[in-house]
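Asks: Take this structure, written in structure tokens, and hold onto it; I'll ask about it next.
The values are calculated or read from the model by the stated rules, or taken from the named source; none is laboratory data. The structure presented is a predicted model; accordingly, all values stated were derived computationally and were not measured. For neighbour counting, all protein chains shown are included, and Cβ atoms are generated from backbone atoms with ideal geometry for every residue, glycine included. For the accessible areas, the whole protein counts, side chains as well, though only heavy atoms, and no ligand, DNA or RNA atoms are used. Shrake-Rupley method; radii C 1.70, N 1.55, O 1.52, S 1.80 Å.
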Amino acid sequence: DIENQIYQIQPKMSPKLIILVIILSASSIARSFNYDCLGNEIEKYTLPNLDYELDALEPVECSVISKTMLEVHYNKHHAGYVNKLNILMKQLQEAMINRDLSKIVNLLQDIQFNGGSHINHSLYWKNMSPTKLGGGKLPDPSSKFYQHITAQWGNFQTLIQYITSRATGIKGSGWAWLAYQKESKQIVYEETLGQDTISMKGNLIPLLAIDVWEHAYYIDYKNLRPQYLKQIWDIIDWQEVEKRYLEAILQQLFCSKNYLLFQIRIRMKWN
Amino acid sequence: PMATTGFHELPELPYGYASLEPFMDEATMVVHHDKHHAGYTRNFNAALTAIQAAGGEGAKICTMSPENILRQLNTLPITPEQRTPLRNHGGGYWNHGMFWSVMAPPKERQEHPTGHLSTAMANTFGSLDAFKKEFSKVGAGVFGSGWAWLVAEGPQENPTLKVVSTANQDSPFTVGQFPLLVVDVWEHAYYLRYQNRRPDFLEAWWQLVNWKTVDDRYKEYTGKN
């Protein structure tokens with residue numbers, strides 16, 4: 001009887017959709033291997049494209065992140081992490097083929113660092129946007145995300161002030177986060193040190209990433225991290241944060257089999 | 001002009017801001033000393049003031065030297081909330097002071113260790129070059145913010161030399177080691193000129209190391225001249 005009910009609410013699949021599902025599954029399986037059976041590399045990690053020009057985060061009125069700062073952070077730091085990651089992953093592949101356990105264990109710490117950095121920085125670029133493309137603009141008050149934030153935090157100003165004051169106090173190098181806690185279904189503030197990822201801290205999905213390593217702001221703000229954190233809200237892309245929140249919820253609503261189908265439907269509606 | 005007086009004063013740089021050029025730029029020296037080090041000094045004094053105001057056993061800490069505070073950090077009669085700023089700001093205060101003292105203008109410095117230290121280093125590391133390579137490797141390998149150190153440990157008559165690193169503002173004093181040489185690898189120490197190229201910074205930094213300070217500290221530890 002329950003099976004019947006589930007069968008009723010499952011979306012009906014047209015032949016086109018079936019083919020699309022097969023293609024998507026196949027490509028995602030293929031992407032999980034970086035090399036073919038001869039050990040040749042198929043796909044390396046790459047620096048994600050920025051959705052904006054290097055000088056786009058320094059609007060005329062005030063410079064939030066200057067072109068120089070962005071250039072060094074993106075083309076030197078992040079690119080450096082990506083290059084190192086690719087070298088390490090190749091070494092890991094060789095070590096795995098040779099079953100060299102010592103080597104594997106040795107590599108994992110550096111992979112965690114460089115890989116974590118690649119993940120974190122990719123999230124960071126995506127949740128910022130020039131003001132003319134919507135950076136700094138709060139979500140619509142009628143949206144589910146806006147309502148969740150106000151239900152939990154009172155209002156956005158309170159949330160922003162909280163993140164700013166906590167992030168200022170992070171000792172040394174690390175990241176400040178908003179994250180979706182899967183068990184409690186709450187939006188929480190979190191911190192990670194070094195290049196640790198948010199998922200290393202538990203059942204969390206990253207919503208907003210803010211880099212507080214000195215290299216993220218030093219050229220523009222020197223030691224004045226509080227200034228950087230005050231200004232950065234002008235370029236936070238809340239639409240991206242909202243999108244991550246909605247995807248996090250959807251992921252919970254559906255088990256993985258149906259999630260793939262729902263993803264297809266969402267993508268077709270989204271564009 | 002710095003309002004950094006109280007229990008401890010921000011030490012003056014032993015040389016001009018521009019005198020470590022071209023290996024360390026003037027702009028970095030200005031911000032590093034007048035902003036970062038000054039900030040740690042102020043916060044360290046504020047932490048001690050708060051501890052004194054709270055009264056009780058903890059107040060006697062305010063007459064201790066920073067080295068002793070760091071040595072006994074984990075056994076001081078204070079709360080964890082009082083301990084954390086001492087660890088961070090007391091550490092930051094002392095570490096930066098030592099950092100200035102192990103450097104000198106390139107042409108005014110002593111370029112090699114001498115005497116007992118020189119012998120001990122040769123015995124431990126093989127050669128000065130081998131030591132520098134190890135030290136640079138450790139410095140480059142610190143994940144995030146921290147320091148790389150040459151420390152002495154163990155009996156005064158025959159100490160062990162080690163290259164170690166600490167995170168953030170942690171001090172070797174806290175784990176029973178005696179610092180001889182130190183380099184700051186927080187990004188603020190090199191960012192303006194070297195950006196992400198920390199290994200390049202470390203290579204240039206060797207041109208600034210004044211081994212006289214290191215010799216003197218070794219003599220202080222061993223009691224031998």
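Asks: In Å², what does the accessible area per residue of the protein assembly as shown work out to with a 1.4 Å probe?
Replies: 50 Å²
Asks: Considering only DSSP states other than H, G, I, E and B, which trypsin sites (Lys or Arg not before Pro) in region A:120-174 qualify as loop sites with at most 12 other Cβ atoms within 10 Å?
Replies: Here no loop site has a sparse enough neighbourhood.
Asks: Once you have the Cα-Cα distance between B:GLU26 and B:THR174, take 0.36 nm times their residue separation minus that, and quote the gain in nm to one decimal.
Replies: My answer for the length gained is 50.1 nm.
Asks: Provide the net charge surrounding A:LEU70, with neighbours chosen by a C-beta distance below 12 Å and charges set as Lys +1, Arg +1, Asp -1, Glu -1.
Replies: Charge balance near A:LEU70 sits at -4.
Asks: For region B:82-225, with all protein chains present and a 1.4 Å probe, just round the carbon and sulfur fraction of the accessible area to a whole percent.
Replies: Exposed carbon and sulfur together represent 47 percent of the surface.
Asks: Which chymotrypsin sites (Phe, Trp or Tyr not before Pro) does region B:1-72 hold that lie in a coil by DSSP with at most 14 other beta carbons within 10 Å?
Replies: For chymotrypsin sites (Phe, Trp or Tyr not before Pro) across region B:1-72 that sit outside H, G, I, E and B with at most 14 neighbouring Cβ atoms in 10 Å, the list is empty.
Asks: Oh, and also: Once you place label points 7 Å from the Cα toward the Cβ at A:ARG99 and B:SER65, how far apart are they in nm?
Replies: Result: 5.9 nm between the two label points.
Asks: If you don't mind, another one. Where does the charge balance sit around A:LEU204 when Lys and Arg score +1, Asp and Glu -1, over other residues with C-beta under 9 Å from its C-beta?
Replies: Taking every other residue near A:LEU204 into account, the sum is +1.
Asks: Please give the solvent-accessible surface of A:LEU253 in Å², to the nearest 10, using a probe radius of 1.4 Å with every protein chain present.
Replies: In the full protein context, A:LEU253 sits at about 120 Å².
Asks: Quick one: which of A:48-57, B:92-101 comes out on top by average Cβ neighbours within 10 Å, and what's the full order, highest first?
Replies: The packing order, highest mean first, is B:92-101, A:48-57.
Asks: Output the residues of region B:156-198 meeting this criterion: accessible area (heavy atoms, 1.4 Å probe) in the chain alone minus accessible area with all protein chains in place is 20 Å² or greater.
Replies: By number: B:ASN168, B:TRP186, B:GLU187, B:HIS188, B:TYR191, B:LEU192, B:GLN195, B:ASN196.
Asks: Considering protein heavy atoms only and a 1.4 Å probe radius, which residues within region A:73-88 exhibit an accessible-area decrease of no less than 40 Å² in the full assembly relative to the chain by itself?
Replies: A:LYS76, A:HIS77
Asks: Another question, then. Please give the contour-minus-distance gain from B:ALA140 to B:THR114: 0.36 nm per residue of separation, less the Cα-Cα distance, rounded to one decimal in nm.
Replies: 6.7 nm
Asks: Please check region A:174-221 for residues whose accessible area, probe 1.4 Å, is lower by 20 Å² or more when all protein chains are in place than in their chain alone.
Replies: A:TRP213, A:GLU214, A:HIS215, A:TYR218, A:ILE219
Asks: For a quick check: with amide H placed at 1.01 Å from N, whose amide H comes under 5 Å from B:MET103's, ignoring anything fewer than 5 positions away on the same chain?
Replies: Those qualifying (amide H under 5 Å, at least 5 residues apart or on another chain) are B:ASN210.
Asks: To continue, here is another question. So if we plug the beta-carbon distance of B:GLU9 and A:GLN227 into 1/(1 + (r/R0)^6) with R0 = 25 Å, what FRET efficiency do we get, rounded to 0.05?
Replies: Efficiency at R0 = 25 Å is approximately 0.40.
Asks: Rounded to the nearest 100 Å², what is the sum over both chains of accessible area buried where A meets B, with a probe of 1.4 Å?
Replies: Accessible area lost upon association: around 1700 Å².
Asks: Please compute the modelled spin-label separation between B:LYS107 and B:LYS224, points set 7 Å along Cα→Cβ, answer in nm with one decimal.
Replies: A separation of 3.6 nm, rounded to one decimal place.
Asks: Restricting to DSSP loop positions (anything but H, G, I, E, B) with no more than 16 other Cβ atoms inside 10 Å of their own Cβ, which GluC sites (Glu not before Pro) remain in region B:125-159?
Replies: When the GluC sites (Glu not before Pro) of region B:125-159 are filtered for loop state and at most 16 Cβ neighbours within 10 Å, B:GLU157 remain.
Asks: Please list log₁₀ I(q)/I(0) at q = 0.17 Å⁻¹ for chain B, using the Debye equation with identical point scatterers on the alpha-carbon positions.
Replies: Rounded to two decimals, the profile gives -1.28.
Asks: Counting pairs of alpha carbon atoms under 8 Å apart in space and at least six apart in sequence, what relative contact order in percent does chain B give?
Replies: That works out to 23 percent.
Asks: Any idea what diffusion coefficient the protein assembly as shown gets from Stokes-Einstein, in µm²/s, Kirkwood Rh on alpha carbon pairs, 10 °C, 1.306 mPa s?
Replies: 61 µm²/s
Asks: For region A:80-225, what % of the accessible area comes from carbon and sulfur atoms, probe 1.4 Å?
Replies: Of the solvent-accessible surface of region A:80-225, carbon and sulfur hold 53 percent.
Asks: Quick one: what do you get for region B:49-95 if you divide its Cα Rg by 2.2 N^0.38 Å?
Replies: Here the Cα radius of gyration is 1.01 times the empirical estimate.
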